[in-house]
1. Quick one: if the Förster radius is 41 Å, what FRET efficiency do ILE468 and GLU375 give, using the C-beta to C-beta distance and rounding to 0.05?
2. Give me SER141, SER124 ranked fewest to most by other Cβ atoms within 10 Å of their Cβ, as a rough exposure proxy.
3. Taking other Cβ within 10 Å of each residue's Cβ, how do THR520, THR184, THR554 sort, fewest first?
4. Please compute the modelled spin-label separation between ALA254 and THR608, points set 7 Å along Cα→Cβ, answer in nm with one decimal.
5. Could you name the lysines whose alpha carbon sits less than 29 Å from that of LYS623, not counting residues in the same chain fewer than 8 places away?
6. Pop the C-beta distance of ALA492 and ALA616 into the FRET formula with R0 = 30 Å and round what comes out to the nearest 0.05.
7. Dividing the Cα convex hull volume of the stretch 281-426 by residue count, how many Å³ per residue is that?
8. Quick check: pseudo-label points 7 Å beyond the Cα along Cα→Cβ at ARG35 and ASP546, how many nm apart are they?
Amino acid sequence: MPWRVRKVLVRVRDACDWRIRELLGDALIDRTIVRIAQRWRPFLKKPVFIGITGSAGKTTTKELLVAILSSNGKGSGNPASLNVLPEVGKTILRVLPSHDFCVAELSEDQPDAMRAQLALLQPSIGIVTVVGYDHLSKYESRDAIATEMAKLIAYLPAKGTAVLNADDELVASMAAHCVAKVITYGVTASADLRAEDVSAVWPDRLKMNLVYGDECAPARTQLCGTHWISSVLGAVGGGLAAGLSLKECATAIASVAPFDGRMQPITTHDGVTFIRDDFKAPLWAIDTCLEFMKAARARRKIVVIGELSDMGSQSKGVQYARVALLAQQVADVTVFVGPSASSVLKAKGPDIKNVLRVFGNVRDAAEYVNTMAREGDLVLLKGTNKQDHLLRILLARENDVACWRNDCKRDTFCDLCPDRTKPSGAPSLFQLHTNGMAAPQFQPTVQWDLDSNEQVVVGLGNADARYIGTPHNIGHELVEKLAASLGLNWVATPEAWIARGSSKGQQVCLIKVRTAINLTGSGLKFLSEKMAFTHEQCILVYDDLDTPIGAVRTRLNGSAGGHRGVASILEAFQTDAFRRVKVGVGSKVARSNPVEYVLTAFDAENRTATDLALVAAQVHVLKLVDNRAKAR
């Protein structure tokens, strides 16, 4: 009977690709896997079942432990970082009655997630790595996260073993609620299993002396960085709990390569080494990566940071700016990528010599990094794979990627994705700026080189006539009304509509760039170079969903605030020091479907309020013009 049950289960498991899931539904298949695993688990008497949990280091601990146990027996562990309940079921289904062990990561991604996983796995050995801030939004505090993890230790039988990180106070305290034997580990002198004489300065890998009771064994690993000490010791502790000697554990871990996307070094054909730490990027774990880069020995250090997660209660802008300041103290070049990237420009101080660049998408970042990186450079890729897929920067250097989608939500790393060589995504801003713009055909009767005192008012909007009268074209409307009030005429060029004149003796240039609003940056940068003006001369006018309809606000600098058109300008000029006038278009309707709202014409009521706001906005713009003139 058990063999027939397992045969059916294996067939179900192996057939559960996306086609079957699409037909039957994920929930049904997942429930089926769990139920069959529950039937199979009682027949597995011989294998030792080991559960691993923690906010960080679970996968590497698991890989190290599987290698240790495999040196003296047969068994399996969960693949990659697949650790939710159905994946625990699949892991159990890979185990045979003749196997010696089964190692499974257990997820604490939400309150009470551990209960069903423990009932299914029934571990006799439990390992806890560290309590961080992952999934903090679903818990009240770090203490609450620790309470969930502690369920693993409380579940263990009296004849079992708990392996606990003595360097983490919350993990160490779990011993008080444990009836099993406890092995503590860490660098603290009170730990049962200790790491001494630790070193890991790149290009050297992590090495240490392991001490357990009267035993001592040197351990060399292939891991990058001292922050893997906890994973190494946790795995060795698991090996000791399973009956292996300290020497056997130390010998086995030397063969384990860094896991994909977790401080994984890859050197390209032209001698640039990338450190891939692009699986996830919780804010609380950034410091350890930067410490690694600070200590590293390399010709030049480049840090690329994508989307950060588990940000806590502080605003994104504040958190990103803090990380940017830290990174600039460590790296020669710091690159931020993603929708929040422009928020770090405020951290670009004049006294900081190191380079800070921001890009809204990975394609532009890849263009930049791969153009400037040279042999001997060390490049850290720190991102969240499901959100930004930073691996594409490395793949592009090896000419192995053509997909530049910004909306891909796949968990799969891009090197395993069959779609990576299929062209997808918009052209990069780099391409638009360097060779995508039409050759200038300015009117020969007009002098287009602007005086350094002339001020440039840029109205953001879409060039297509069908968007006239929509919230997203407020910028165009404003400069049009301003031109009419000043008696200026528009001149059309392939790149923009331009009107020049004066206000109270101050020269002004009004511009409507002829691109989609989200690509305004490339067009404006092109014009700035051809017409010889700088960002300091510019005033941006545009719609703002965060400001109520009828209200007008002025800012002298700052992030894009979610406006992709503004973000493209900040990225193109690599500064947030743009004066701006924001016309409010926010409403309850906008919150439900903002994309459709900003591209739909105002109704009569909102049109009246907007017309009044445009009158007020003109006053704001002319005041900024007047203030700059007086300042000179």
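1. That gives a FRET efficiency of 0.20.
2. Least crowded to most crowded, the residues run SER141, SER124.
3. The most exposed by this proxy come first: THR554, THR184, THR520.
4. About 8.3 nm, to one decimal.
5. By straight Cα distance, LYS623 reaches LYS346, LYS348, LYS481, LYS504, LYS512, LYS525, LYS530, LYS582.
6. That gives a FRET efficiency of 0.55.
7. Spelled out: Cα convex hull of the stretch 281-426, divided by residues, is 111 Å³.
8. Calculated label separation equals 4.9 nm.
Every number here is computed from the coordinates shown, using simple stated rules; none is lab data. Since we're looking at a predicted model, the values are computed, not measured. Positions of Cβ are generated from backbone atoms using ideal geometry, with glycine treated the same way; all protein chains shown enter the neighbour counts.
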